[in-house]
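So the structure is just underneath, and the comments pick up after that.
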Amino acid sequence: MASRPSAVQSMYGARVGKRSRGGRIALWVSVIFLVSPAVLVFLWMLSLSLKTEIDNIAYPPVFIPNPPTLASYVEVFQKNRILLYFWNSVLVTGGAVLIGLMVGVPAGYGIARSKSGKAAAVLILVARMTPALSYLIPLFLLFQLLGMVGTIGALVVTHLVITVPIIVWVMIGYFENVPVELEEAARIDGASVWRSFWHIALPLARPGVVVGGILAFIFSWNNFIFSVVLAGKNTRTLPSAVYNMLTFEQLAWGPLAAAALLVTLPVLLVTVIAQREIVAGLSAGGLKDG
Amino acid sequence: MSVAAPKREVVSSFRQHYWLFVLPGTLVIGGVIVFPWAFTVWMALHEWNVTGDHAFVGLANFVNLFGDQRFIESVWRTFWFTLLATLIPVILGVWAALVFHRSFPFRGLLRTIFVMPMMATPVAIALVWTMMFHPQLGVLNYLLSLVGLPPFSWIYDPATVIPTLVLVEVWHWTPLVMLIVLGGLAGLPTDPYEAALIDGASSWQMFRYITWPLILPYVMIALVIRTIDSLKVFDTIAVISQGGPGTASETLNYFLYLQAFQFYNVGYASAVVLVFFVIIIALSLLLLYARQQTKWME
């Protein structure tokens, strides 16, 4: 089975080698057409953030910052408490991912081993189908009752709605691929369920923990609606802080672009560093047939 | 035999312990997902505002909802948006998967760049699009003028705002479709292609009669996921058009947000949640049924 994909690859490789010049041009035209929208939007964001305000509202537009200036970034840091919002985002996303892993990884194991994957999968699918906003109404009322509106704790709890289903979903797939015979052998030798989970199954499923953690991090970091509704002035996460900038500084394009870039930079860095794991998690582990 | 018996006993006694692993996760899911659901049903039967005053009104919220022109329009608008924001990314995503399945120089790097939009923070990207859509100073109208086209109204005209928002959604989520279909392509058997090559089949015939039927189940998964996510669209609309101009881009989820957190009609909004959920379930079941059919055809 392991040699199959490479056989497909080499066969495609052979076809590429044989392909005519016209076919090769068609391939590259396709690649450029598909990749350029991403490149253009990200480059334009960078360009806006590095230009002076005069160049930003010039017509025709100035494409290459000349000379590039960091003035917009300085302004973002001076006028906003970006570091505080960044720290809030770290706390909320970090907390939600950590708790998500602590409850989600064992849950994925239990579900995979007790063969109740179908029922759990349906529950997780329902969780994915439901708009996040609909959880927010009852949770908002609950937090109001508990006096927790505007706290980091409330945000961490709501972000569990995002992280737990992703992690459980990914972990079920990985634990199902860990052969059960290894654990049975350990148990006959007297290991407890907990020990066979901790010392055998978990180390073998470690790539799943990485993939699940990364995906949960990305989608939790990107979420902004929970923070818009629940956060107070001092507990906003980065995305909702930038959303608030929009209403007050609609015309200052440079700082707005700089702030947008700062918000999304951590996620883009993670994507570049972990692209192999992300591709594996989204194309195979997370979405297997079933 | 004497060895197998204790083994089975050990294993089955362990099976009884698996629920302990699931317990913490179940408690969390119960707290943040099941409780809200139960509470939503309860609230939908009440006239309720955010100060906590409430009275039982039975199905009055639902009756009002189906007489609410603004709600009905938002439902149809959501369907229109979902149709476009599902079909276009699926078509482009399948194409992208076929392209990235080939081997060519810098494939890994180019694939990473292609995947980046789906990871980027939607709020941040929506800000950049908002600036690009600016009628006088936006770069998009400038680019149109370069090829001799008149300025486009983008998000400033009720007739063009939905297609414009679809454009942003396509930019974000085509990579997800690509990754799902790429996963399908990676598992394709090689034998049919070898046989087809020997028989002298054309590239198109190989795609139409071998590749397409084999990746169809993956395309259907992508279709279901895109449908669900398009129905739920929120971030892009909240930042770029705020439901406007007028109510021209007010989709179901944005209508829900306004009712719950701008007008504070909590009971009414809960009724919207339940109707919304029925729509999502119905469409998903329809698509999953269609997927079963495609599987059977194999």
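Scanning the stretch A:140-154 for residues that are touching a residue at least 40 places away in the same chain (Cβ under 8 Å), among the aliphatic types (A, V, I, L, M) and within 12 Å of chain B (Cβ to nearest Cβ) gives A:149, A:154. Going by what's in this entry, would residue B:129 be described as among the aromatic types (Phe, Trp, Tyr) and away from chain A (no Cβ under 14 Å)? Judged against the criteria, residue B:129 is not a match.
For residue A:143, are the conditions met, namely being buried (at least 17 other Cβ atoms within 10 Å of the Cβ), outside any loop (DSSP other than H, G, I, E, B) and among the aromatic types (Phe, Trp, Tyr)? In short, yes.
Within the stretch B:96-117, identify whether any single residue is in contact with a His (Cβ under 6 Å, 6 or more places away or on another chain) and either within 9 Å of chain A (Cβ to nearest Cβ) or in contact (Cβ under 8 Å) with a residue 60 or more places away in the chain (or both), and answer yes or no. Within the stretch B:96-117, one or more residues are in contact with a His (Cβ under 6 Å, 6 or more places away or on another chain) and either within 9 Å of chain A (Cβ to nearest Cβ) or in contact (Cβ under 8 Å) with a residue 60 or more places away in the chain (or both).
Look at residue B:75 and say whether it is assigned by TED's automatic domain parsing to the domain that holds residue B:237, under 28 Å from residue A:29 (Cβ atoms) and part of a helix (DSSP H, G or I). No; evaluated as a whole, the condition is false for this residue. Where helices (runs of 4 or more DSSP H) sit wholly within the stretch B:144-209, those with at least 1 residues that are among the charged types (D, E, K, R) occupy B:161-186, B:191-198. Tell me yes or no: at least one residue of the stretch A:178-187 is away from chain B (no Cβ under 11 Å) and crowded, with 17+ Cβ neighbours inside 10 Å. Yes, the stretch A:178-187 contains at least one residue that is away from chain B (no Cβ under 11 Å) and crowded, with 17+ Cβ neighbours inside 10 Å.
Remark: pairs (first residue in the stretch B:173-191, closer than 21 Å to residue B:230 by Cβ and facing another protein chain (nearest Cβ under 7 Å); second residue among the polar types (S, T, N, Q) and crowded, with 24+ Cβ neighbours inside 10 Å; Cβ separation under 9 Å; 6+ apart in sequence or on different chains) are absent. Scanning the stretch B:126-143 for residues that are in a loop (DSSP other than H, G, I, E, B) and either modelled with pLDDT under 90 or of a type outside the set (Phe, Trp, Tyr) (or both) yields B:134, B:135, B:136, B:137, B:138.
Checked against (1) surrounded by fewer than 24 Cβ atoms within 10 Å (Cβ to Cβ); (2) within 12 Å of another protein chain (Cβ to nearest Cβ); (3) at pLDDT 85 or above; (4) in a helix (DSSP H, G or I), residue A:168 meets all criteria but (1). Every condition in (1) crowded, with 19+ Cβ neighbours inside 10 Å; (2) within 11 Å of chain B (Cβ to nearest Cβ) holds for residue A:72 except the one numbered (2).
The values are calculated or read from the model by the stated rules, or taken from the named source; none is laboratory data. Quick caveat: nothing in here was measured; it's all calculated off a predicted structure. Note: ideal-geometry Cβ built from the backbone for every residue, glycine included; neighbour counts use all protein chains shown.
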